[in-house]
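The values are calculated or read from the model by the stated rules, or taken from the named source; none is laboratory data. Remember, it's a predicted structure, so these values are computed and weren't measured experimentally. Note that we place each Cβ from the backbone using ideal geometry, even for glycine, and neighbour counts take in every protein chain shown. Each accessible area value is taken on the protein alone, full model and side chains, heavy atoms only, with ligands, DNA and RNA left out. Shrake-Rupley method; radii C 1.70, N 1.55, O 1.52, S 1.80 Å.
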There are 2 protein chains.
Amino acid sequence: MPQISQKGSAMPASPIRKLVPYAETAKQKGRKVYHLNIGQPDIPTPQVALDAIKNNPLQVIEYSHSAGNESYRKGLAAYYKTIGIDITHNDMLITTGGSEAITIAFMTCLNPGDEVIIPEPFYANYNGFATQAGVVVKPITSSIKNDFALPAISEFEKIITPKTKGIVICNPNNPTGYLYSQEELEQLASLVKKHDLYLFSDEVYREFCYDGNSHFSAMQLPGLENNVILMDSVSKRYSMCGVRIGALITKNKEVINIALRFAQARLCPPSYGQIAAEAALNTPKDYFDGVYNEYIDRRNFMVEALNRMEGVYCPTPKGAFYTVVKLPIDNSDRFAQWLLEDFEYNNKTVMVAPATGFYATPGLGANEVRIAYVLNIDDLRGAMECLEQALKVYPGRTL
Amino acid sequence: MPQISQKGSAMPASPIRKLVPYAETAKQKGRKVYHLNIGQPDIPTPQVALDAIKNNPLQVIEYSHSAGNESYRKGLAAYYKTIGIDITHNDMLITTGGSEAITIAFMTCLNPGDEVIIPEPFYANYNGFATQAGVVVKPITSSIKNDFALPAISEFEKIITPKTKGIVICNPNNPTGYLYSQEELEQLASLVKKHDLYLFSDEVYREFCYDGNSHFSAMQLPGLENNVILMDSVSKRYSMCGVRIGALITKNKEVINIALRFAQARLCPPSYGQIAAEAALNTPKDYFDGVYNEYIDRRNFMVEALNRMEGVYCPTPKGAFYTVVKLPIDNSDRFAQWLLEDFEYNNKTVMVAPATGFYATPGLGANEVRIAYVLNIDDLRGAMECLEQALKVYPGRTL
């Protein structure tokens, strides 16, 4: 029997999906499982996008341009202009989800053995994308003690080596909900410039900024045109995770030209997804107002409920729809599995994502879990009740 | 300015797409360009698939399972049963096109520096996928002199080294239209078994077999359950290239389990595409009869027209909808560009794919082009007229 590749053996299992079998078992027992574990919003996709799919006149579902339909790219460039990002349709590739934007960016810019610095906790799939590209992730730890602020630039300097080729940020952050300030980004910019690094900026939660904070994009940093690679997606913006449409955006012409070769090899992004995404550009403002209000309500409800529980600390996330919360538990992996296997409250339980999967440093996140507040308030209330009861009886409680 | 990766620099430009700017120039001059260069059929997508998209009830376009919707995988397993391939829905991953099936298969099974043997001419994007995985393609040349039959197994033996990890076949073949016989596959099987190799079998043109020949799948080879990786796609079967739905199929449990990790990192295949592909499983038989008759007519018309031209030789393809044809020309890259830049006949011209891009051995294919007979007979007639006239006046004519 031929062997599996080294890359395959090294490929990490998803920290979220590995709990799925336990959730299935819980459901088979007739239990309701509140899914706080995955960023799958319950928000309806904009009607304009759904309608565009239903009314599409296509008789032959053809390949599109490898860089994506030009009409969509032009529309997307116009969207970016409205938020202060000055690019044209030639500065982007439409990708199959934000995921593909990251894999193509890594393959285009990084060699096997190169190092990228990522503030942890970070989106767990970055590990998988790095493994695919043979790239080494060097974490720099942000802490719940200061609500996951960007670590000091001096901390970055300490771990930069000749192999360091880039920095990856996610802003607003998944999993912490942290929103980087313009000042923090400017500090990063000076570091990036000094060491001639790539700055890979994942901004898929751009529309989810709360409390009057506005989003400052890495694309708005002056003088970094050849360094910044923006990775974007429509999944969260329009609650259409399944259309698999993202974008790789940069003013660096060489990167775009080479990235296009990777895009050509896989032919094109999904046609229906592009139709939905292009139509979604016309989503009325009140849709976003409604979504914003809904998430603010959910966040406030959740943060308050969590911080009322004894031994629990939840920072107030300023963006995205996640929070990393500190719990009085011994081991978040064990706790998450126990919730599904051994716990129920009124025949209900909760699925959370152990934070260990979001740290690269071994041992970190053992008393933290990521919660996605993607459920309506009623379900969120039920989930918080379950969690509160669970913490009271969990055998591995530490406080 | 940070550097491009070595992989990026090595990434080949698509041999088809690099001519696109010349085609655009021809169109700007008001010329009609017959596209024989790309496998984009003009055949309508089955109505059941189009209707399923129009009638879908989804309000939130959610992520699907990373392996693809279970209902679709079960339906697909039933389809394979009807064609003599005995697999279950757990033996497959739904992928984003056949392209992703290949990239995930390569990443799962092959290490950088490993060698795969591919009979040339071969589908040009295999080069790109191999470059992405850091894998070395070792071509074994099939020749138009014997209509591109599989080279003798003794020829394969000659180039097998300790680094050889797999063989890639495309059956029916793109670009040659060659259909491997059961006997040829059994010869390959003994070689694969002897050297404990992977056999990557790209069978996306399975439904396109002509002249009473039936398709024999690598999945039907006994005793090769752990060696064979089937890479499939709905793009050609149902003329829906843009939905980006394919599949990676194997009885090798370890490969499926590891491949799933790569699939999880990119979250899921496109939701709308899966809806269309699942519905397409119910495409009525008369659709395929119509498609079959259409392609037979096109093929026969084209082969006859080509072989009537002086100095031209076109084998009769037994499958797919391509042929590699020998022309009396000095250089197929120059010829293809000249057709678009300098030639017109009644204000029309033809776009063909130089065969050089389908060979890994330098110099081969200089007097061959690939033709996709994806146009209706009227357009095909116009295209053949253009080609005949062009060959009469092409300055680099050799005969």
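Lysine pair count for the stretch B:48-280 with Cα-Cα distance under 13 Å and sequence separation of 8 or more or different chains is 5.
What are the trypsin sites (Lys or Arg not before Pro) within the stretch B:1-57 that DSSP puts in a loop, where the Cβ has at most 14 other Cβ atoms within 10 Å?
Details: sites: B:K7, B:R17, B:K18, B:K27, B:K29, B:R31, B:K32, B:K54; in loops: B:K29, B:R31.
Those that pass, being in a loop and sparsely packed, are B:K29.
A straight Cα-to-Cα reach below 17 Å connects A:K29 with the lysines A:K348, residues fewer than 8 places away in its own chain not being considered. Check each residue of the stretch A:113-160 and keep those whose accessible area, probe 1.4 Å, is at least 10 Å² smaller with all protein chains in place than in the chain alone; give them in order of residue number. The answer is A:Y123, A:N125, A:F129, A:Q132. Ligands, DNA and RNA are left out, and with a 1.4 angstrom probe the accessible area of the stretch B:48-280 is 30 Å² per residue. Net charge in the neighbourhood of A:D114 (other residues with Cβ under 12 Å of its Cβ; Lys, Arg +1, Asp, Glu -1) is +3. Sparsely packed loop sites in the stretch A:242-319 (the chymotrypsin sites (Phe, Trp or Tyr not before Pro) outside DSSP H, G, I, E and B with at most 15 other Cβ atoms within 10 Å) do not occur. DSSP beta bridges confined to the protein assembly as shown are antiparallel in about 45 percent of cases. The share of Cα pairs per 5 Å bin across the stretch A:101-149, counted from zero up to the longest distance, runs 5, 22, 29, 20, 11, 9, 5, 0 percent. A straight Cα-to-Cα reach below 15 Å connects B:K7 with the aspartates and glutamates A:D114, A:E254, residues fewer than 8 places away in its own chain not being considered. Legend: mean number of C-beta atoms from other chains within 10 angstrom of residue C-beta atoms, peptide A:54-65, equals 6. Site pair A:N213 and B:Q28 shows an inter-label distance of 4.7 nm when each label is modelled 7 Å from Cα along Cα→Cβ.
Of the heavy-atom accessible surface of chain B (probe 1.4 angstrom), what whole percent is carbon and sulfur?
Working: 6940 of 14000 Å².
The nonpolar share, carbon plus sulfur, comes to 50 percent.
Two numbers describe the Cα atoms of the stretch A:48-280: Rg and Dmax, which are 17.4, 58 Å.
With a 1.4 angstrom probe, the accessible area lost at the A-B interface totals about 6500 Å².
When you filter the GluC sites (Glu not before Pro) in the stretch B:270-327 for DSSP loop state and at most 12 other Cβ atoms inside 10 Å of their Cβ, you are left with B:E310.
Burial of accessible area (probe 1.4 Å, heavy atoms of protein chains only) in the stretch B:246-290, relative to its chain alone, reaches at least 20 Å² for B:E254, B:I258, B:R261, B:F262, B:Q264, B:A265, B:R266, B:L267, B:C268, B:P270, B:Y272. Sorting A:R237, A:R397 by accessible area puts them as A:R397, A:R237; the probe is 1.4 Å, largest comes first, and only protein heavy atoms count. In the stretch B:1-40, the residues that give up 50 Å² or more of accessible area when the other protein chains are added, compared with the chain on its own (1.4 Å probe), are B:M1, B:P2, B:I4, B:S5, B:K7, B:M11, B:R17, B:Q40.
Helix B:377-393 and the longest principal axis of the Cα set of chain B meet at an angle near 50°.
Dipole magnitude for chain B: about 700 debye, using +1 per Lys or Arg Cβ and -1 per Asp or Glu Cβ, origin at the Cα centre. With a simple spin-label model that places each label point 7 Å from the Cα along the Cα-to-Cβ direction, the separation between A:R381 and A:N346 comes to 0.9 nm. Taking label points 7 Å from Cα along the Cα-to-Cβ direction, B:T361 and A:Q3 give a separation of 3.1 nm. Note on the protein assembly as shown: helix-only mean residue ellipticity at 222 nm, from DSSP H runs of 4+ residues weighted -39500 (n - 2.57) and normalised by residue number, equals -11500 deg cm²/dmol.
Charges only on Cβ, +1 for Lys and Arg, -1 for Asp and Glu: so what's the dipole of the stretch B:220-263 about the Cα centre, in debye to the nearest 20?
Values: 6 positive and 3 negative charges, 34 e Å.
With only Lys, Arg, Asp and Glu charged at Cβ, the dipole is about 160 debye.
Within 10 Å of the Cβ of each residue in B:88-100, the mean number of Cβ atoms contributed by other protein chains is 2.
Neighbours of B:M1, meaning other residues whose beta-carbon lies under 13 angstrom from its beta-carbon, give a summed charge of +1 when Lys and Arg score +1 and Asp and Glu score -1. Database remark: amide H of B:E120 closer than 5 angstrom to the amide H of B:I140, B:T141, B:S142 (H placed geometrically; neighbours at sequence offset of 5 or more, or on other chains; Pro and chain starts carry no H). Simple point charges give the picture: +1 on the Cβ of Lys and Arg, -1 on the Cβ of Asp and Glu, and for the stretch B:24-64 a dipole about the Cα centre of about 420 debye. In this structure the amide hydrogen of A:D202, modeled in the peptide plane, comes within under 5 Å of the amide hydrogens of A:I169, A:C170, A:N171, A:M231, none closer than 5 places in sequence on its chain. For the pair A:E225 and A:T161, the difference between a 0.36 nm per residue extended length and the Cα-Cα distance amounts to 20.7 nm.
To test your reading of the geometry: what angle, between 0 and 90 degrees and rounded to tens, separates the Cα axis of helix A:97-109 from the longest principal axis of chain A? For helix A:97-109, the angle is close to 60 degrees. Ascending distances from the B:N213 label point to its copies in the other chains, with the point 7 Å along the Cα-to-beta-carbon line: 6.3 nm. A point 7 Å from Cα along Cα→Cβ stands in for B:I160, and the other copies hold the same point at 5.2 nm, listed in rising order.
With its label point put 7 Å out from Cα toward Cβ, B:E341 sits 6.8 nm from the same residue's point in the other copies, in order from shortest.
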